[in-house]
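The values are calculated or read from the model by the stated rules, or taken from the named source; none is laboratory data. This one's a predicted model, so the numbers in the text were calculated from it and none came from an experiment. Cβ sites come from the backbone with ideal geometry, for glycine too, and all protein chains shown count toward neighbours.
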Amino acid sequence: METLPGQLWERITDGFLRVAPPAIGAVGLVAIVLVAVALSVPRRSWRVFGLFVTVVHELGHATAALLTLQRVTGITLRLDHSGTTTSLGRRGWRAAFTTFWGYPVPAVVGSLLLWGAAHGWAPAALSISAVVLVAALALIRNGQGVLILGGSAAVSLGLVWFGGAAAAGYACLVLGVALLVGACRDWVKVVRVHRRRRDLVSSDAHLLRVAIRIPSPVWLGMFALVIGAAVALSFTPLALIAGASS
């Protein structure tokens, strides 16, 4: 008899088969967007979903560090939606590259999830997400981080275990739109930090200014450019989904 971990791994690997994209039409897409907005806009739901956006933010830093041959030594996540990723290795442009890829990453991931849903790769996207979130637990260095990332990983594994192709498509659509909204919301938040000049140490734009002497507004503008591009590119897969049943 196959063990539970073996069955779970089989579900994960089965997700890499291409499936038909969800055929929900325009009305269904509006419903998906409303659910996503309900996750990412109201203050009460944002207290929970915003923690996942922070997870994606910090994993963006970690991935950028690994891509530039740095060693990620730990990730700290907190219930106030803050987080820190620590890496060791080459400095200079590599450190700047690592610091940059925080705020834009939720939007990039959201756009990729929408692309995956529109082209039949939603189960693969959920399988990859589950593996990444579980593997990232090895990098967590505080109790709140274990709670936050552990909860995110559990939800991701639950979607892989209980969801079929259709559920995976709906989940990617909701998460994709919610991450796009969440990225915009966090960008507005960091801009307000600079306007009030409080808690600047929490701003990646401020850290980049200190590191390489390029003004913070330039970095905020570059964050907005990447986020805006991700939002713009998301209209194509959403249009495909809306027209799939017509």
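Against the conditions (1) in a helix (DSSP H, G or I); (2) more than 17 Å from the chain's Cα centre (by Cα), Phe49 satisfies every one except (2). If the condition is being in contact with a Leu (Cβ under 7 Å, 6 or more places away or on another chain) and not hydrophobic (A, V, I, L, M, F, W, C), then the range 23-45 contributes only Ser45. Would you point out which residue out of Ala124, Ala96, Ala107 is of a type in the set (Gly, Ala, Ser) and more than 16 Å from the chain's Cα centre (by Cα)? Result: Ala96 is the single residue among Ala124, Ala96, Ala107 that is of a type in the set (Gly, Ala, Ser) and more than 16 Å from the chain's Cα centre (by Cα).
Restricting Thr54, Thr13 to those that are in a helix (DSSP H, G or I) and touching a Lys or Arg at 6+ places or on another chain (Cβ under 9 Å) reduces the list to Thr54. May I ask you to verify whether Ala154 is at pLDDT below 95 and either assigned to a helix (DSSP H, G or I) or of a type in the set (D, E, K, R) (or both)? Judged against the criteria, Ala154 is not a match.
Check whether at least one residue in the range 177-184 is without any contact (Cβ under 8 Å) to a residue 40 or more places away in the chain, in contact with a helix residue (DSSP H, G or I) (Cβ under 7 Å, 6 or more places away or on another chain) and not acidic (Asp, Glu), and report yes or no. Looking for residues that are without any contact (Cβ under 8 Å) to a residue 40 or more places away in the chain, in contact with a helix residue (DSSP H, G or I) (Cβ under 7 Å, 6 or more places away or on another chain) and not acidic (Asp, Glu), one finds none in the range 177-184, hence no.
In the set (1) without any contact (Cβ under 8 Å) to a residue 40 or more places away in the chain; (2) closer than 15 Å to Thr63 by Cβ; (3) out of contact with any strand residue (DSSP E or B) (no Cβ under 6 Å at 6 or more places or on another chain), Ala153 fails one condition alone, (2).
Of Leu225, Leu240, Leu175, Leu233, which residue is buried (at least 18 other Cβ atoms within 10 Å of the Cβ), at pLDDT 90 or above and either closer than 27 Å to Leu137 by Cβ or not polar (S, T, N, Q) (or both)? So that I can check it myself, show each step before the final result.
Values: Leu225 fails: buried (at least 18 other Cβ atoms within 10 Å of the Cβ); Leu240 fails: buried (at least 18 other Cβ atoms within 10 Å of the Cβ); Leu233 fails: buried (at least 18 other Cβ atoms within 10 Å of the Cβ).
Answer to the selection: Leu175.
Do we have any residue at all in the range 132-147 that's at negative phi, at pLDDT below 95 and part of a helix (DSSP H, G or I)? Scanning the range 132-147 turns up no residue that is at negative phi, at pLDDT below 95 and part of a helix (DSSP H, G or I). Each residue in the range 199-208 was checked for being closer than 16 Å to His81 by Cα and either touching a His at 6+ places or on another chain (Cβ under 9 Å) or not in a helix (DSSP H, G or I) (or both), and 4 pass.
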